[in-house]
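One structure is given here, and the rest of the page talks about it.
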Amino acid sequence: MENKQFCQSCSMPIDHAELAGTEKDGTKSSEYCVYCYQKGAFLNPDMTLDGMKKLVREQMEIRKMDEAIINMAVGSLPMLKRWRKPVTI
Ligand SMILES: [Zn+2]
């Protein structure tokens with residue numbers, strides 16, 4: 001089975017090497033896409049989870065994606081590494 005990689009910031013599938021973000025040393029990031037992460041830093045470091053939800057929804061609506069798929073993508077954002085809150089028990 002194919003191990004599909006999703007950006008841990010915006011949930012976009014990273015299915016081509018050129019869509020992967022880059023680390024400081026120029027290697028490909030295994031966690032973030034090129035729109036979120038370049039040279040080891042986030043392009044929008046001040047982005048919030050709510051801001052990202054809005055952005056992802058807008059981008060998907062532009063592509064006329066199904067409302068159910070949009071809701072699923074937006075709903076999965078809080079689970080991504082960038083937005084996950086540390087769990088304290
Ligand atoms: Zn991304």
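Residues of the range 38-89 that are small (Gly, Ala, Ser) and under 20 Å from Ala20 (Cβ atoms): Gly40, Ala41, Ala73, Ser76.
Per the listing Pro45, Pro78, the residue uniquely within 16 Å of Phe6 (Cβ to Cβ) and exposed (fewer than 14 other Cβ atoms within 10 Å of the Cβ) is Pro78. I need the full set of residues from the range 59-88 which are within 14 Å of the chain's Cα centre (by Cα) and in a helix (DSSP H, G or I), in order please. The answer is Gln59, Met60, Ile70, Met72, Ala73, Val74, Gly75, Ser76, Leu77, Pro78, Met79. The residue of the range 1-30 that is nearest to the ligand (Cβ to nearest atom), among those that are in contact with a Ser or Thr (Cβ under 8 Å, 6 or more places away or on another chain) and under 19 Å from Val74 (Cα atoms), is Ser11.
The set of residues in the range 38-72 that are in contact with a Lys or Arg (Cβ under 8 Å, 6 or more places away or on another chain) and either modelled with pLDDT under 95 or β-branched (Val, Ile, Thr) (or both) contains only Ile70. Of note, Ile14 does not satisfy the criterion of being of a type outside the set (Lys, Arg) and more than 12 Å from the chain's Cα centre (by Cα).
Are there any pairs with C-beta distances below 7 angstrom linking a residue in the range 9-36 that is in a loop (DSSP other than H, G, I, E, B) to a residue that is more than 13 Å from the ligand (Cβ to nearest atom) and not charged (D, E, K, R), with the two at least 6 apart or on different chains, and if so which? Final answer for the pair search is Glu23/Gly40; Lys24/Gly40. For the range 36-88, the set of residues classified as in contact with a Cys (Cβ under 9 Å, 6 or more places away or on another chain) and of a type in the set (Asp, Glu) is empty.
The values are calculated or read from the model by the stated rules, or taken from the named source; none is laboratory data. Keep in mind that this is a model prediction, so the values were computed, not measured. Here Cβ is always computed from backbone atoms with ideal geometry, including for glycine, and neighbour counts include all displayed protein chains.
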